[in-house]
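Here the structure comes first, spelled out in structure tokens, and everything after it is commentary.
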Amino acid sequence: MPELPEVEVLARHLRPLLRGRTIRRVDVRRAKSLRPTPATEFKRTLTGKTFSGLSRRGKYLVFHLGKTGAGSSPHQLLGHLGMTGRMYVALKTEPLPKHAAVAFDLGDRNFVYEDYRYFGRMSLDLSPLERLGPEPLGKGFSPAFLAVALKRSRQPIKVKLLDQEVAAGVGNIYASEALFRARISPRSAANRLTAAQVKRLWRAIRDTLKDAIRFGSTVPLKFASGKSDGLFYFGRTDDGAGYYSERLRVYDRSGKACLNCKRPVKRITQAARSTFFCPACQK
Ligand SMILES: [Zn+2]
């Protein structure tokens, strides 16, 4: 599932492709993917609007739209990739994929939202943003904030890190990665971390996300026609590039040698999700 870095890289990729483009027509192929916005309202609101900007909040893409001409109120469109969602701009000559949920006609191109498992969303409902905590790479995410957020919870720290009110956009992969960098056991109770551990974790979260964004910015994006969709969270790739999995230090490395101490990495299940860690390095 794409997390903050993957969504950030996608936002940077799409921003210049969409900016200034006007939506001529909205083709809704799967109304459920717009919930809770009804398809009629979705089409009526967005047709004729021009993409003016694109930002990211947590794992969400926030598309900004205005009408050409002054005095009209701007709109925002929220996108979430779910497990398997893809959003890309393709020439209109390319046929729409079978699992296209929405296609925006931009003239010579389509902006396509495709999702074969349908856990993603494109909606005019912005309420999911209200429940998000600070951006982990922003100023609001300080060691002091993290300390307070963790103090209230007896959950294992790995599970608590998945709470989007703590660090918006951190998910299962980067929670494991950050704890490995901070040398903290994923099983430690959140409220039992020492001040030094909290500080290390704060830094590890930021460094992990920054490195992943930097990595993702180097991966060639081949949307639409390519087998690789450029969303580099996949551990494998069909076109021979081996760098996809190597960038992760502990995630999905169960049984392999820890990069620090060479002892085997362990996989456990916490809150029905896999956690990867080194029992020797992470106390
Ligand atoms: Zn180790």
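Working out 0.36 nm times the residue gap between residue 40 and residue 271, then minus their Cα-Cα distance, what length gain in nm do you get to one decimal?
Numbers: separation 231, 0.36 × 231 = 83.16 nm, distance 3.83 nm.
Result for the pair: 79.3 nm of gain on full extension.
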Exercise for the section: Kindly write out, for region 77-84 in residue order, the coupling ³J(HN,Hα) from the Karplus curve 6.51 cos²θ - 1.76 cosθ + 1.60 (θ = phi - 60°), rounded to whole Hz, with x marking Gly and Pro. Expected result: 10, 9, x, 9, 7, x, 8, 10
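What does the extension gain come out to for residue 127 and residue 55, with contour length at 0.36 nm per residue minus their alpha carbon separation? Working shown, then result.
Working: separation 72, 0.36 × 72 = 25.92 nm, distance 1.60 nm.
Going from the current span to full extension adds 24.3 nm.
Taking N as the number of residues in the chain, what is its alpha-carbon radius of gyration divided by 2.2 N^0.38 Å?
On the way: Rg = 20.1 Å, N = 283, 2.2 N^0.38 = 18.8 Å.
The value comes to 1.07.
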Problem - Rough spin-label spacing in nm, given labels placed 7 Å along Cα→Cβ, for residue 1 and residue 153 - result: 1.4
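Based on Cβ point charges of +1 for Lys and Arg and -1 for Asp and Glu, what charge dipole magnitude is obtained for the chain about its Cα centre, in debye rounded to the nearest 20? Intermediate values should be presented prior to the final figure.
Working: 53 positive and 23 negative charges, 189 e Å.
Dipole size: approximately 900 debye.
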Fill in the blank from the handout: Subtracting the Cα-Cα distance of residue 27 and residue 262 from 0.36 nm times their residue separation yields 79.3 nm
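Give, to the nearest whole percent, the P(r) tail of region 1-137 beyond 27 angstrom, counting all Cα pairs.
On the way: 1130 of 9316 pairs.
Percentage above 27 Å: 12.
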Practice task
Taking the chain as the reference, fit the longest principal axis to its C-alpha atoms, fit the long axis of helix 195-216 to the helix C-alpha atoms, and give the angle between the two in degrees, 0 to 90, nearest 10.
Solution key: 40
Handout entry: Rounded percent of accessible protein surface that carbon and sulfur make up, the chain, 1.4 Å probe
Key = 50
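Looking at region 148-212, what % of the alpha carbon pairs are farther apart than 17 Å? Show your work: numbers first, answer last.
Details: 575 of 2080 pairs.
So the pairs more than 17 Å apart make up 28 percent of the total in region 148-212.
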Practice task
Could you name the lysines whose alpha carbon sits less than 16 Å from that of residue 158, not counting residues in the same chain fewer than 8 places away?
Solution key: 199, 266, 283
Fill in the blank from the handout: Rounded to the nearest 500, the 222 nm mean residue ellipticity computed for the chain from DSSP H runs (n ≥ 4, each -39500 (n - 2.57)) alone is -8000 deg cm²/dmol
Practice task
Leaving out ligands and nucleic acids, note down the accessible area per residue over region 25-147 with a 1.4 angstrom probe, in whole Å².
Solution key: 47
Practice task
Let me see the pair-distance distribution of region 68-226: every alpha carbon pair, 5 Å bin width, integer percents in order.
Solution key: 1, 8, 14, 16, 14, 13, 12, 9, 6, 4, 2, 0
Practice task
Sort out for me the Cα centre separation of region 91-167 from region 1-73, rounded to whole Å.
Solution key: 13
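The values are calculated or read from the model by the stated rules, or taken from the named source; none is laboratory data. In this text the structure is predicted, and so the values were computed from the model without any measurement. Every residue, glycine as well, gets a Cβ built from its backbone with ideal geometry; the counts of neighbours run over all protein chains shown. SASA here: full protein model, heavy atoms, side chains in, ligands and nucleic acids out. Shrake-Rupley method; radii C 1.70, N 1.55, O 1.52, S 1.80 Å.
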